[in-house]
Structure formats: C-alpha cells, structure tokens
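J.: Here's a structure for you.
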Amino acid sequence: MRHWGRVLLVVGALAVGAAGQDVHVTGRVQVLQKKGTPASSAADVVVWLTPLDRAAPTAEQKEYKLTQHNKRFEPHLLIVPLGASVQFPNKDPFFHNVFSVYEGTAFDLGLYESGSSKVVHFNRPGPSYIFCNIHPEMSAVVLVLKTPYFARTPANGEFSIDVPAGEYEMGVWYEKARRDDLKTLSRRVKIDAGEASLGKITLTMAPSPAEGHKNKYGQDYEKGAPYPVP
C-alpha cells in the first residue's frame, strides 16, 4: 500500500490500492512569463485528481511540520490532506508570530519563543498563505487537498500520477499564477485502463500573494522595528 506523503519520482502522493490496478497518468506543465516566453523553471506546480464517481481514499494520519529557522519557513510549500494538523516549531533564537489571513485557514498563533511549537488544524481545502507578523520576508504556503492523488512538478514540468480508472476533477495550483486563471484549468477527465495523458497544462506567471503582503492587522510592516518580547 502506498501512503500519503511518500515520494516516487515527481509524485507527491499516489493512489492506494492493489498493485496493477492503477492507471499511469502523465502530463506536462509549461509556465510562461508575462511576455509569453517560457520561464526557466516549471517547478512546484501541483496537479491533482479528485474522484467524482466514488469517495477519495482516506489519507494516512502523519506528522506535518512547518519549521521557522533562519527567518525562513521550511519547507516553503507543504501539501497536506484535509483535516491535517501542522506543527509550527520555532527553531530561531528569537520570537515569531505566525499568522494567515489570505484564503484557506485563518489563524494567528501570537508571539511564541525559541524552542516552543504551536499547532494548526487545516480543515478548509485550498492554499493558506503563511506569514510572520515580525519578519515580512518570511512566507510559506500550506496547500490542503481533498484527494491523495497529486503530483508536484520538478523544473521540467513533467509529472505522473497513478490512479484507479474512473471519473475525476482535475485541479491545478501554482503560487505565481492568478487564482482566476487556475480556475479555468479545472476540468472533468475520464481515466480508462492502460496509460493516460492529461496533455500540456499552460500557466502564465503573475505576482505571488506573498509579494508586498501586509501584517496581520492589514497594515505595512514597520521598518527597523526590534523583535518584540512578551
């Protein structure tokens, strides 16, 4: 049995089921710059297939972490199943204040010190953009999916997902693409026995929601402010 979170080539998670019953589905993502020229990388585009003719398999419960270290979130992109709990450990020698108010699951963890950790339950599908109220350079995304059938692209944009034959809704997410553009890529697909292809998926780059983001109060960050202490 293959479980959520185990990586095989470019696949973030594969179908659970008996060996030999899955269909090998392939595709390729092309990312274009604003002027229409291909971007140097098509990495970190997420493509998923949600079953329409049956319930999606239940994801195995596991531990997820989004660590604060060197004024960064590690990893920058974390993909989790709906209902997952994510730990936010602080491994920096100063305070952080992790929050999210842009789409997805809204929360504010408040100030917490080095060596401590807090947890968030993600019960809403889609992307949650994560920031620190003290350090504007820190950003991350937790992408919550209702299906374990997904792939995260490498730089060349090629991906594969193994799924049982059936009817699916295809979804696509990319941090540097407009939300409305991503919605137009969603479509119904039928996967028959054997190999299948989703063809080429083309995205046009746009500013990430993290660019120029505000603090948790919707205001600009104060320049040169010292680290607050409780």
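The values are calculated or read from the model by the stated rules, or taken from the named source; none is laboratory data. As the structure is a computational prediction, the values presented were derived from the model and not from experiment. When we count neighbours, we look across all protein chains shown, and the Cβ atoms used for this are built from the backbone with ideal geometry, even at glycine. The area values use the complete protein model at the heavy-atom level, side chains included, leaving out ligands, DNA and RNA. Shrake-Rupley method; radii C 1.70, N 1.55, O 1.52, S 1.80 Å.
J.: At 1.4 Å probe radius, can you tell me the per residue accessible area of the stretch 144-225 in Å²?
T.: Heavy-atom SASA per residue in the stretch 144-225 reads 54 Å².
J.: Take the solvent-accessible surface of the protein heavy atoms, probe 1.4 Å, and return the percent of it on the stretch 40-187 that carbon and sulfur atoms account for.
T.: The nonpolar share, carbon plus sulfur, comes to 48 percent.
J.: Below 8 Å, C-alpha to C-alpha, sequence gap of six or more: please give me the relative contact order for the chain in percent.
T.: 30
J.: Reachable lysines from Lys146, Cα under 26 Å, same-chain residues fewer than 8 places away excluded?
T.: Leaving aside lysines fewer than 8 places away in the same chain, those within reach of Lys146 are Lys62, Lys65, Lys118, Lys176, Lys183, Lys190, Lys200.
J.: I would also like to ask the following. Just going by the charge dipole of the chain, with Lys and Arg at +1 and Asp and Glu at -1 on Cβ, which of Pro75, Ala193, Gly104 is farthest out on the positive end?
T.: Most positive-ward Cα: Gly104.
J.: For the stretch 40-124, what does the equivalent ellipsoid look like in terms of its semi-axes, each the square root of 5 times an eigenvalue of the Cα gyration tensor, given largest first in whole Å?
T.: Values for the stretch 40-124, descending: 28, 16, 12 Å.
J.: Rounded, prolate or oblate: pick one for the chain, where a ≥ b ≥ c are the square roots of the eigenvalues of its C-alpha gyration tensor, a/c under 1.5 means rounded, and failing that, prolate if a/b is larger than b/c, else oblate.
T.: The shape class here is prolate.
J.: Extension gain Leu52-Ala155, at 0.36 nm per residue separation less the Cα-Cα distance, in nm?
T.: 34.1 nm
J.: Also: What list of ³J(HN,Hα) couplings, whole Hz, do you get for the stretch 174-181 from phi and the Karplus terms 6.51, -1.76, 1.60, once you set θ to phi - 60° and write x for glycine and proline?
T.: These are the phi-based 3J(HN,Hα) values: 8, 4, 9, 10, 5, 4, 5, 5 Hz.
J.: Under a crude label model (7 Å from the Cα following the beta-carbon direction), how far is Glu113 from Ser186 in nanometres?
T.: Computed distance between label sites Glu113 and Ser186 equals 4.5 nm.
J.: Still on this structure, I have one more. Mind checking which aspartates and glutamates have their Cα closer than 15 Å to the Cα of Lys214? Skip sequence neighbours fewer than 8 apart in that chain.
T.: Glu103, Asp108, Glu137, Glu222
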